[in-house]
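Undergrad: First, the structure itself, so that you have it in front of you.
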Amino acid sequence: MSENSEADRSKKTKTFNKKEWRRRKYSNKYRVEQWEERRRKAIAHSYYKEMRKIAGQSSGTEKQNMSTSSTGVNKYRIPRPTAYQKAEEEYKRKQEEKAAKLQEAQKKKEERSQAVARYRANKAEVFKKLSKKTKKGQPVMKGRLEILLHKLQQELQS
């Protein structure tokens, strides 16, 4: 009898399945399946958590206003968006963000181009004043003095 009981115990213990162990350890498909399962659970958890939060907020204010019809069914019910509606909202939100980014980039580009144009115009004006020469080839001091005067006035203003 002792032999039979030992044989029964050994049969009850789980035998090592090398094929299954290899699949779990090395299979990318198995890892992806595990990741997808964890992701599904996390999304469901966050969704239900959000629904509980919304229900908790609305229950305090709407319990007084909530009325039931003659059949006893509540009129106030939180509509659950379908997967298509969620995807559509996400798409719209992304499109709005993209448009806002594009508009901001265009605005920055315009400001930059205006700043570069002002800089180039100022530089050209200064160059003209500094490059003027007399008949004998000497630099004209009037332009140089005007530039110095303009710089001093700017320093006084700031």
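Undergrad: State the Kirkwood hydrodynamic radius of the stretch 87-152 in Å, one decimal place, computed from all pairs of distinct Cα atoms.
TA: 15.8 Å
Undergrad: I've got another one for you. Determine which lysines satisfy two conditions relative to K109: a Cα distance under 16 Å, and not lying fewer than 8 residues away in the same chain.
TA: Result set, ordered by chain and number: K101.
Undergrad: Another question about this same structure. Taking H placed 1.01 Å from N in the peptide plane, check which residues at least 5 places from V140 or on another chain put their amide H under 5 Å from its amide H.
TA: When sequence neighbours closer than 5 places are left aside, the close amide H contacts are K132, K133, T134.
Undergrad: Under 19 Å between alpha carbons, and skipping anything fewer than 8 positions from K142 in its own chain: which lysines qualify?
TA: Within the straight-line cut-off, K142 pairs with K123, K128, K129, K132, K133, K151.
Undergrad: Which of the trypsin sites (Lys or Arg not before Pro) found in the stretch 14-51 are loop residues per DSSP with 13 or fewer other Cβ atoms within 10 Å of their Cβ? Display every interim value, and only then the final one.
TA: Details: sites: K14, K18, K19, R22, R23, R24, K25, K29, R31, R38, R39, R40, K41, K49; in loops: K14.
Passing both the DSSP loop test and the Cβ count: K14.
Undergrad: Which lysines, on any chain, are close to K49 with Cα under 27 Å apart, when same-chain ones fewer than 8 places away are left out?
TA: Counting by Cα, and skipping residues close in sequence, K49 has these lysines nearby: K41, K63, K75, K86, K92, K94.
Undergrad: Can you work out ³J(HN,Hα) from phi for every residue in the stretch 35-44, in order, using Karplus 6.51 cos²θ - 1.76 cosθ + 1.60 and θ = phi - 60°, giving whole Hz and x for Gly and Pro?
TA: 3J(HN,Hα) across the stretch 35-44, in whole Hz: 5, 4, 5, 5, 5, 4, 5, 5, 5, 4.
Undergrad: Apply the Karplus curve 6.51 cos²θ - 1.76 cosθ + 1.60, θ = phi - 60°, to the phi angles in the stretch 121-128 and return the couplings in whole Hz, x for Gly and Pro.
TA: 5, 5, 5, 5, 5, 5, 4, 4
Only the coordinates and a few stated rules stand behind these numbers; no lab work does. Because the structure is predicted, anything quoted here is derived from the model rather than measured. Here the Cβ is made from the backbone with ideal geometry for all residues, glycine too, and neighbour counts use every protein chain on show.
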